[in-house]
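As structure tokens, the structure follows; a few thoughts come after it.
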Amino acid sequence: MGARPLDLLDLDELLTDDERDARATARRVADDHVRPDVAEWYENGDAPVRHLAVEFGRAGLLGMHLKGYGCAGSSSVSLGLACMELEAADSGIRSLVSVQGSLVMYAIWRYGSEEQRERWLPGMAAGRLLGCFGLAEPEHGSDPTGMSTRARRDGDDWVLDGVKTWILNAPIADVAVIWAKAEKGVTGFAVPTDTAGFGVREIDHKMSLRASSTGEIVLDGVRLPESARLPGVRSLMAPLSCLTEARLSIIWGVLGAARDCLDTALDYAGRREQFGRPIAGFQLTQAKLADMALELQKGFLLALHLGRLRDAGDKPLRPEQVSIGKLNNVREAIKIARECRSILGGNGILHEYPVMRHAANLESVLTYEGTSEIHQLSIGQKLTGLNAFAR
């Protein structure tokens, strides 16, 4: 057996001991608790999310880049490497960790009150409590400025009405961070999901991210005290900053899916014989493998650079920076998954190999938290100074 793809440039030498330890922890958790059963979870459209959350909490993987409240306070690079290992098992499992830590916990940690942080974050870090992030709506996905969900004052309380959709973990969450338009602009709320008027319908018949739980939230006169409002929210920039935070996990995570596909193709090509020799010995196959290894390493270097930028300061990455990372790494990961499927031939569609599952999952990752087109426009706006989003 030859070298593994990420060994070609000795990329491990760019990592610290703590970062390698975080990666090893996530790999162990994935090997012990995810890989043995994830293909079956995917086929059945179900996964033991609450059990997994507790295991991830024990390993310090939930909100691991946040400080205090039971969180590990790790670097962004450590979080990214952990997400890479989790997504090498399955994108839906990595999405659980990203939504919990980089969307919901981050929103409460950055924009919440001290009371809200103490109420929610320790339990979420331990995996005892699950959260979901309610931004996307049936008619407003890529354009959150058109948000229809409304928050109005009624005496000392707030009343929420609206619908949120494609919300990961919604059917099983204990708390939902809900974004709504109020009289003075967008605001956010930490909403206990057992509040009267809060309803969830699970979205069934998915062909992707099947080892996860996704739902539609209906807010029908949900009455909340002022203490549920996230006091640090001033505008739509708050939920967008949460997305920027979470996209770094995606930039790293998809490298894991791509690596797992490439490792599978390398092993298969070394064993599969045609015309009297392993197909790994044919020039066309080696050209495919070389090109995929090249893109995987370039994606790793891009993710590492963005992670180092994030760790160097106390501000989120700029929108165009994270757009470059998500656009490139997700696009290349899908290409790698598809090319690996071709190397496996007909066997590439079978349950026993992870390649088709990764490819289907990556189609969802390509869409959520900004489609490729949205990220292209973000980069284009920075290059030209012209806003192509404007009506």
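The values are calculated or read from the model by the stated rules, or taken from the named source; none is laboratory data. On a predicted model such as this, the values are computed, not experimentally measured, just so you know. For neighbour counting, all protein chains shown are included, and Cβ atoms are generated from backbone atoms with ideal geometry for every residue, glycine included. Please note that ligands, DNA and RNA were not included when accessible areas were found on the heavy atoms of the full protein model with its side chains. Shrake-Rupley method; radii C 1.70, N 1.55, O 1.52, S 1.80 Å.
Excluding residues on the same chain fewer than 8 positions from Lys67, give the lysines whose Cα lies under 20 Å from its Cα.
Result set, ordered by chain and number: Lys315.
Can you give me the C-alpha center-to-center distance between the range 234-250 and the range 342-389, rounded to a whole angstrom?
19
Roughly what angle does helix 17-33 make with the longest principal axis of the chain, taking Cα atoms, 0 to 90 degrees, to the nearest 10?
90
Just going by the charge dipole of the range 221-314, with Lys and Arg at +1 and Asp and Glu at -1 on Cβ, which of Ser241, Leu255, Gly307 is farthest out on the positive end?
It is Ser241, whose Cα lies furthest towards the positive end.
Would you kindly enumerate the cysteines in the chain that have no other Cys beta-carbon under 4.7 Å from their beta-carbon?
Cys71, Cys83, Cys132, Cys242
Calculated FRET efficiency, Leu11 and Asn387, Cβ-Cβ r, R0 25 Å, to nearest 0.05?
FRET efficiency, Leu11 to Asn387: 0.10.
With +1 on each Lys and Arg Cβ and -1 on each Asp and Glu Cβ, and nothing else charged, work out how big the dipole of the chain is about its Cα centre, in Debye to the nearest 20.
Charge dipole of the chain: 740 debye, to the nearest 20.
Using R₀ = 41 Å, calculate the FRET efficiency as 1/(1 + (r/R₀)^6) where r is the Cβ-Cβ separation of Ala287 and Ile172; round to 0.05.
Efficiency computed from Cβ-Cβ geometry: 0.35.
Based only on Cα atoms, what mean projected area does the convex hull of the range 33-131 have, in nm²?
Mean projected area for the range 33-131: 5.7 nm², to one decimal.
How much area per residue is accessible in the chain when the probe is 1.4 Å and only protein heavy atoms are counted (Å²)?
I get 44 Å² per residue for the chain.
Give me the percent of the accessible area of the chain that comes from carbon and sulfur atoms, probe 1.4 Å, all protein chains in place.
Carbon plus sulfur share of accessible area: 51 percent.
Name the residues of the range 294-309 whose amide N is less than 17 Å from a point 7 angstrom out from the Cα of Asp263 along the C-beta direction?
294, 296-297, 300
Per DSSP H run of at least 4 residues, take -39500 (n - 2.57); add these up for the chain, divide by its residues and hand me the 222 nm value, nearest 500 deg cm²/dmol.
About -16000 deg cm²/dmol.
Quick one: helix 114-125 against the long Cα principal axis of the chain, what's the angle to the nearest 10°, folded into 0 to 90?
Taking the Cα atoms of the chain, the angle to 114-125 is about 30 degrees.
In nm, to one decimal, how far is the Lys184 label point from the Asp161 one, both placed 7 Å along Cα→Cβ?
2.3
Report the far tail of the P(r) of the range 123-174, meaning the percent of Cα-Cα pairs longer than 13 Å.
67
For the residue pair Met207 and His305, what label-to-label distance in nm results when each label sits 7 Å from Cα along the Cα-to-beta-carbon direction?
Here the answer is 3.6 nm between the modelled labels.
Taking 7 Å along the Cα-to-C-beta vector as the label spot, tell me the Arg4-Thr195 distance in nanometres, rounded to one decimal.
According to this spin-label approximation, the distance is 4.5 nm.
Which residue, Ser148, Leu103, Ala26, has the largest displacement toward the positive end of the dipole of the range 1-160 when charges sit on each Cβ (Lys, Arg +1; Asp, Glu -1)?
Most positive-ward Cα: Ser148.
Quote the Stokes-Einstein diffusion coefficient, in whole µm² s⁻¹, for the chain, based on the Kirkwood radius over alpha carbon pairs, a temperature of 4 °C and a viscosity of 1.567 mPa s.
The diffusion coefficient I find is 60 µm²/s.
Checking the table Lys181/Lys382; Lys184/Lys206; Lys164/Lys288 against a 30 Å threshold on Cα-Cα, which pairs fail?
Flagged as over cut-off: Lys184/Lys206; Lys164/Lys288.
Taking the mean number of other Cβ atoms within 10 Å as a proxy for protection, how do you rank 76-85, 290-299, 56-65 from highest to lowest?
Result, highest mean Cβ count within 10 Å first: 76-85, 56-65, 290-299.
Most fluctuating residue of Lys184, Lys326, Lys164 in a GNM of the chain with Cα springs under 10 Å: which is it?
Maximum among the listed residues: Lys184.
In the range 1-51, if every C-alpha pair distance is counted and binned at 10 Å from zero, what percent goes to each bin?
Taking every Cα pair in the range 1-51, the percentages come to 20, 33, 28, 18, 0.
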